[in-house]
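Heads up: the structure comes next, in structure tokens.
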Amino acid sequence: MANTITIEPVTRIEGHAKVTIRVDDAGKVSEARMHVNEFRGFEKFCEGRLFFEMPLITQRICGICPVSHHLASTKACDAIVGLEVPRPAGLLRELMHMGQFIQSHALHLFHLASPDLLLGFDADPAIRNVVGVIGANPELALKGVGLRKYGQEVIRKLGGKRIHPFDGASPTSMNKGLSAADREELRRGIDRVVGDFQQAVAVVKGYAAQNESLMSSFATFPSGYMGLVDGKGQLELYDGRIRLLGPDLKPWEPDFAPADYLKHIGEHVEDWSYLKFPFYRKLGYPAGTYRVGPLARLNLCRGISTPLARAEWKQFKALGSGGAVEGSLFFHLARVIEGLFAAERARELLDDSDITVSETITLGPVKNAAGVGVVEAPRGTLIHNYWVDENGRLEKVNLIVSTGHNNWAMNRAVNEVAKAFVDGSRLTEGMLNRVEAAIRCYDPCLSCSTHAIGQMPLVLELEGPDGRVMDRKARGGG
Amino acid sequence: MPRTGAFTADGKPKVAVYKFSSCDGCQLAILNLEDQLLDLVGAIEVAYFVEARRRELPPPYAIGLVEGSVSTPEEEERIHKIRRDCDFLVTIGACATSGGIQALRNWADVEEFTRYVYAYPEYIKALDTATPIAAHVFVDFELRGCPVNRFQILELVAATLAGRKPAIPTYSLCIECKRRGVSCRLVSAGKPCLGPVTQAGCGALCPAYNRACYGCFGPMELPNVDSLGERFIGLGYSPAEITRMLRSFNGYVEPFKQASDRYAQRD
Amino acid sequence: MPAIQLAGGIPYYLPRSGLDTLVSTLSEEGYTVLGPRVMDGVISFQPLTSAADLPRGVRDEQGGGSYRLVDGDPELCFQYVVGPDGPKRYTLPPVLQLFSVRPEPDYYAMEHGPPSPPKLAFLGIRPCEVAALAVQDRVFAARETGGFRCEADSYYQQTRDSALVIAVNCTHPGSSCFCASMGTGPVARQGYDVALTELRGGFVVQCGSPRGTTLFERLPVREPSSAELELAELRLEQAAARMGRRLEAEGLPEALERAVEHPHWDEVAKRCLGCGNCTMVCPTCFCSTVSDATELTSKVTTRTRDWESCYTHQFSYTTAGPVRHSIRARHRHWVTHKLSGFVAQFGTSGCVGCGRCITWCPAAIDITEEAAAIRGDAQWAAAATAARKEVAA
């Protein structure tokens, strides 16, 4: 008999998600889907608010990456008032962003992904968590805590608090610069952060070498890639042009300005998920679907400006033998290489003499009726777009979050894994774990993706060809 | 009275952490207790915490920490089961305590919302309102803030373990500001600071960064919102602006909601 | 001859250039020098490293619920009124860890004992603040009361014993000020080691204690000219005449005692935010709360004393709830205690006329107006007394 398996909630991702797997009469997987269902309604309830409130309001979309929303929003506000951001303010914002990458990538690797990598997919769930990791490799676990703390401390020093900070060096919230004492304190810690990320890269590389066949086969598929690059085409996280490449790493579109995103990106809607599916307009859906985030960024950039991360990136590129690295598990490797870059970049920023220059930026009048702000969030490209009236009142808001861009890819990954590992007749713990692990590669932030929608626990449902739910595995939460 | 099953064999309280519609920030505040996290995990039994671990222990739980507001029919059902499962139910953060930022939609037409954002609005199963947990079940204790102060979570657990009342102040933010020696944003800068009607607990974070308080800890005990509103009008702010200031992260909690409705009418 | 005369023994004159020597000499003698400096838009009372930290060329404009820094005479350093902070922040710190203990099998071991304060020099405090220290002395120093002997607050006592008070007489009172009517300013009469009066070129110096004399004799002082002395006295006389407000204290304690049910309290309660700012900035408000916090694993317990306010729910909380459950009751309590209860309890008014509660009240509530409304309402007072007699009969 045909079944649907539901995994709910998917654990150790940010937020909750639900997966349904449809199997045919022969017990083979015919389709797997990841659903998102929660309703918060940011795009609508922000209408009528004043644009300069948005950096504080939109960071509440997500408690994991509030800095990303804060900065994308701040940049959209800059565009509305036509602000040329002074160099020191730009450095402060970028430093805060690097703090965010350090803490977010550390959180994902050490708290969320390492149980799979260190303990294996089939380990007892009682120990397959961060506590188990502490037992298996206490030194690594402590490094994880330390890295996270450092990143959070960067954010706190610049923004007052770790979650929902309020600085961002913007006309909407520029309040305090970086004091010489705080700069010194951060400089004292940064070498250790760089070193710890180097070790983390070594650990993930070691895992990849030991599990070569798994790495190359697990949720591996071609896709387009999107992300920001700097003027030289190198990895860029804070400010640059958008690059959109096809599966062969040939440009689908010449690099374009973030403000032009609507010309090139459309959003497809499926009736079974609240989360939309972005795609490259010229190719349509699903031919124009692409991935974002660490794997995409390392695939599409032409280099990395900092030496240690650049060396690792070269080895990473070699894995693709000239083409793209397509395996979803390689997100983990790409993520730690990016963490290393963020640490090195933070060190450069802290050494810049302009970083302690304090100046007041005042909020000018509305100059442009619309503003776009784009940053690379830890999970991928984040787009904020606001339309305002002459008094600065918001008339329309459009947000495309990182996890949204990866919506198609996550579904594809779940499909790949379900087909390879799920036997329709039985639900095993290891199979559930693998489906979860596929999703976890993308480090989906379901708070972000449900900014418009509500709760999203991952339920695994076994569904017959007729769509009837035959079995369901829900782990609390649901 | 706590049930015996709410404690482990060695006497540790079983603690559950739940998420409703929210941003995860308050749960994350628990993980942010780096220096105290191991102490905390040693003193309690984390029985249910989806974000941190797969394993779960069956209810009852001695303490339930709830993040997020009730926004979907499914959540409306789930909170009643959670109430039965937890002996001491604590809301953590503005969403759970007052409805949070998404409660702004309570002043609008939700159907219009979903039509706007989604191609298949009929598929969206959202309630018309985003409401605090206490609108559905009895809540034993509230921790305020957007996000919560992680040390208040620690204090709550420590106090519960010691069998005493948590030392969570209910007075105004001004008292924290003055203790800390932060210059008054309202008096010395003419900024519309909500501190005089907002509950302390954050440590005067915003004023210390030269920002007016925007009330993320919600109303203090006996908030005199009208008097502060009159002061803002004296500073040149319009009733519409005051309405907007009150309707933010705690806009749907009674004293702020009522005052904002009055100012909205004056507009 | 000006109506105001400088008190004290033989005066000196310290040229402006001597200010830096004053600060460095104090530092060399092991004092933590506290004085006025501009921080985040206010003149705060903070540690100074040199005379350059002083608010030179800066003035404050104060009024009900309003405080702004503006440009002043570029030469002068003490042309402001008072900031939100004063010596209270150091004699009675807002947060003070009293001690911490660690449980041992059959006793508690002391981890950290009572804190000992640094040796402080209060530079540039106003006569009203000198008077406030005298009020605090009555509260915290050892004393007999109602047949009981109260022990001194040891931290306070140690601070006071070592602190050096270098007052600066007030030549720039603000619109919130009423020290002249309280008899506490604008000239310091006692309770100081040294009192300065600022002129453009320097300071007329009066030593009020042997410690003060010894200190200033080491500084580059000279004898003041009679013109300098006369100018200083003139400045102070002008200051006394420029007080923005006035409080008639005569008969006030009795009037307030009788006014418990005065309808004026209802009127003020509509405006009062219950935020507690007045109590935090008041230089004589002394209330504190003591709490213990225990670490989860080590079980080390720390006892802390924090500033508390009679405007909070927890302040008067008993098993049955707070004694004063409304803003009206809390506000009435504060005013009545300050202007009436203090007199009975400590033999002095609790108000020194510094005007801080007026300036820092976000709702601009004015204690002088309130006192006047209640005191001046003779008709109501008479009717209330008659009613009370009737009830008693």
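The values are calculated or read from the model by the stated rules, or taken from the named source; none is laboratory data. Fair warning: this is a prediction, and the values are worked out from it, not measured in the lab. Neighbour counts run over all protein chains shown; Cβ positions are idealised from the backbone, glycine included.
From the list B:Ala94, B:Ala108, B:Ala43, pick out the single residue that is facing chain A (nearest Cβ under 9 Å), among the small types (Gly, Ala, Ser) and surrounded by fewer than 24 Cβ atoms within 10 Å (Cβ to Cβ).
B:Ala108
Test C:Lys338 against the criterion of being within 23 Å of C:Arg138 (Cα to Cα), basic (Lys, Arg) and either touching a helix residue (DSSP H, G or I) at 6+ places or on another chain (Cβ under 8 Å) or exposed (fewer than 15 other Cβ atoms within 10 Å of the Cβ) (or both), and give yes or no.
yes
Determine which member of the set C:Pro186, C:Pro114 is in a loop (DSSP other than H, G, I, E, B) and either without any contact (Cβ under 8 Å) to a residue 24 or more places away in the chain or surrounded by fewer than 17 Cβ atoms within 10 Å (Cβ to Cβ) (or both).
Details: C:Pro186 fails: either without any contact (Cβ under 8 Å) to a residue 24 or more places away in the chain or surrounded by fewer than 17 Cβ atoms within 10 Å (Cβ to Cβ) (or both).
After ruling out the rest, the residue left standing is C:Pro114.
For residues that are under 18 Å from B:Leu235 (Cβ atoms) and hydrophobic (A, V, I, L, M, F, W, C), tally how many sit in the stretch C:361-378.
Final tally of qualifying residues: 4.
Checking A:Ala259 against (1) of a type in the set (Gly, Ala, Ser); (2) within 20 Å of the chain's Cα centre (by Cα); (3) not in a loop (DSSP other than H, G, I, E, B), only one condition comes out false. Which one?
Tallying (1) of a type in the set (Gly, Ala, Ser); (2) within 20 Å of the chain's Cα centre (by Cα); (3) not in a loop (DSSP other than H, G, I, E, B), A:Ala259 fails exactly one: (2).
Here's a check for you: in the stretch B:228-238, which residue that is surrounded by fewer than 22 Cβ atoms within 10 Å (Cβ to Cβ) and among the small types (Gly, Ala, Ser) is farthest from the other protein chains (Cβ to nearest Cβ)?
My answer is B:Gly236.
Only one of these is in a helix (DSSP H, G or I) and surrounded by fewer than 22 Cβ atoms within 10 Å (Cβ to Cβ): A:Gly231, A:Gly195. Name it. Give the steps one after another, and end with the answer.
On the way: A:Gly231 fails: in a helix (DSSP H, G or I).
From the options A:Gly231, A:Gly195, the qualifying one is A:Gly195.
Residues of the stretch A:62-83 being more than 18 Å from A:Arg379 (Cβ to Cβ) and out of contact with any Ser or Thr (no Cβ under 6 Å at 6 or more places or on another chain), which ones?
Passing the criteria: A:Ala76, A:Asp78, A:Ala79, A:Ile80, A:Val81, A:Gly82, A:Leu83.
B:Glu74 - would you say it is more than 18 Å from B:Leu156 (Cα to Cα), facing chain A (nearest Cβ under 9 Å) and of a type outside the set (A, V, I, L, M)?
yes
Residues are listed down the side, and each one gets a yes or a no for (1) under 16 Å from B:Gly145 (Cα atoms); (2) in contact (Cβ under 8 Å) with a residue 60 or more places away in the chain; (3) of a type in the set (Lys, Arg):
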position	(1), (2), (3)
B:Lys165	no, no, yes
B:Ile168	yes, no, no
B:Gly190	no, no, no
B:Ala200	yes, no, no
B:Asn210	no, no, no
B:Tyr214	yes, no, no
B:Glu221	yes, no, no
B:Val225	no, no, no
B:Gly229	no, no, no
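Mind checking which residues of the stretch A:53-89 are under 19 Å from the mean Cα position of the chain (by Cα), away from chain B (no Cβ under 12 Å) and charged (D, E, K, R)?
Listed by number, the list holds a single entry, A:Lys75.
Between C:Phe286, C:Phe216, which is in contact (Cβ under 8 Å) with a residue 24 or more places away in the chain, more than 29 Å from C:Ala329 (Cβ to Cβ) and of a type in the set (Phe, Trp, Tyr)?
Details: C:Phe286 fails: more than 29 Å from C:Ala329 (Cβ to Cβ).
Of the residues listed, the single one that is in contact (Cβ under 8 Å) with a residue 24 or more places away in the chain, more than 29 Å from C:Ala329 (Cβ to Cβ) and of a type in the set (Phe, Trp, Tyr) is C:Phe216.
Any residue in the stretch C:257-272 that is within 30 Å of B:Gly163 (Cα to Cα), within 14 Å of chain B (Cβ to nearest Cβ) and part of a helix (DSSP H, G or I)?
So in the stretch C:257-272, the residues within 30 Å of B:Gly163 (Cα to Cα) come out as none.
No - not one qualifying residue is present in the stretch C:257-272.
Scan the stretch A:82-102 and give yes if some residue there is at pLDDT below 90, in a loop (DSSP other than H, G, I, E, B), over 23 Å from A:Ala342 (Cα atoms) and not basic (Lys, Arg), otherwise no.
yes
List the helices (runs of 4 or more DSSP H) inside the stretch A:357-444, counting only whole elements, that have at least 1 residues being small (Gly, Ala, Ser) and more than 25 Å from the chain's Cα centre (by Cα).
By residue number, A:407-421, A:429-441.
Which residues, taken from the stretch C:102-161, are within 16 Å of the chain's Cα centre (by Cα) and either polar (S, T, N, Q) or closer than 30 Å to C:Thr294 by Cβ (or both)?
C:Gln136, C:Phe140, C:Tyr156, C:Thr159
Among the candidates B:Glu176, B:Glu241, single out the residue that is more than 7 Å from chain C (Cβ to nearest Cβ) and modelled with pLDDT under 95.
After ruling out the rest, the residue left standing is B:Glu241.
Within the stretch A:234-257, restricting attention to residues that are of a type in the set (D, E, K, R) and out of contact with any helix residue (DSSP H, G or I) (no Cβ under 6 Å at 6 or more places or on another chain), which residue is surrounded by the most Cβ atoms within 10 Å (Cβ to Cβ)? Step through it out loud before you land on a result.
Of the residues in the stretch A:234-257, the ones of a type in the set (D, E, K, R) are A:236, A:239, A:241, A:243, A:248, A:250, A:253, A:255.
Next, from what is left, pick out any that are out of contact with any helix residue (DSSP H, G or I) (no Cβ under 6 Å at 6 or more places or on another chain): A:236, A:239, A:241, A:248, A:250, A:255.
On the way: A:Glu236: 22, A:Asp239: 19, A:Arg241: 17, A:Asp248: 10, A:Lys250: 7, A:Asp255: 16.
Filtering the stretch A:234-257 for residues that are of a type in the set (D, E, K, R) and out of contact with any helix residue (DSSP H, G or I) (no Cβ under 6 Å at 6 or more places or on another chain), the one surrounded by the most Cβ atoms within 10 Å (Cβ to Cβ) comes out as A:Glu236.
Which fully enclosed strands (runs of 3 or more DSSP E) of the stretch C:1-107 have 2 or more residues being in contact (Cβ under 8 Å) with a residue 24 or more places away in the chain, hydroxyl-bearing (Ser, Thr, Tyr) and away from chain B (no Cβ under 13 Å)?
Answer list for the stretch C:1-107: C:12-15.
Are there any pairs, at least 6 apart or on different chains, whose C-beta atoms fall under 6 Å, with the first in the stretch B:83-94 and among the hydroxyl-bearing types (Ser, Thr, Tyr) and the second part of a strand (DSSP E or B), and if so, which?
Between residues of the stretch B:83-94 that are among the hydroxyl-bearing types (Ser, Thr, Tyr) and residues that are part of a strand (DSSP E or B), the close pairs are B:Thr91/B:Val66; B:Thr91/B:Glu142.
One line per residue, one yes/no per condition, for (1) in contact (Cβ under 8 Å) with a residue 60 or more places away in the chain; (2) under 23 Å from A:Leu349 (Cα atoms):
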residue	(1), (2)
A:Ser217	yes, no
A:Met226	yes, no
A:Leu235	yes, yes
A:Arg241	no, yes
A:Leu249	yes, no
A:Ala257	no, no
A:His264	no, no
A:Glu267	yes, no
